[in-house]
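Please find one structure pasted underneath; my questions will follow.
The values are calculated or read from the model by the stated rules, or taken from the named source; none is laboratory data. Not measured: the values here are computed from a predicted model. Glycine gets a Cβ as well: all are built from the backbone with ideal geometry, and neighbour counts include every protein chain shown.
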Amino acid sequence: MNESYLSALRRPNKATIDQVVLHNLHAHTDNRGWLTELLRNDSEHYAGFGQLYMVTNYQRNVVRAYHMHLKQDEFFFVVNGTIQFILVDERPSSPTYRQLNAFVLTSERPQALYVPRGVQHGSMALTDGAQIVAVTNQPYNAEKPDEIRIPSDSYGDVWALGGW
């Protein structure tokens, strides 16, 4: 592994955008393996169940960006590999309007990333086969999608590790 990748894994993730929350999850381990509770209906910021989905990236450096929702909030969990998330606050009334926030989440350090509506977000796989599980508070509506999409370079060259 290259040094910038290892450095990113050691760097503590810190939420700086208003209402974005990074939850450290607890792994319950024993001689068989471990169990982590990803989300409960009494979890902070849980706003009801809408949909559960999973994303698999076949290889590293796959970028999926950007989109945001006007009604939907999301929780992201990396269940395999390592993923970099880039978030940008697009809520004009927010105290952190236009602020960029980057996170590196890995299945080796269980965390949940809460992204509220109005925050553009995208991801890049840092390892082959990286997988994300997401829970939303509303189901996807193919007839009338609640999403605003923009190109992956809309905020400049932010995908290189350490470039933010």
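Consider V133 carefully, then state whether it is modelled with pLDDT under 95, among the β-branched types (V, I, T) and surrounded by 15 or more Cβ atoms within 10 Å (Cβ to Cβ).
no
Are there any pairs, at least 6 apart or on different chains, whose C-beta atoms fall under 9 Å, with the first in the range 135-151 and farther than 15 Å from L52 by Cα and the second aromatic (F, W, Y), and if so, which?
D146/Y140; E147/Y140; I148/Y66; R149/Y66; I150/Y66; P151/Y66
Go through the range 22-76 and report how many residues are modelled with pLDDT under 95, closer than 14 Å to P116 by Cβ and in contact with a Phe, Trp or Tyr (Cβ under 6 Å, 6 or more places away or on another chain).
1
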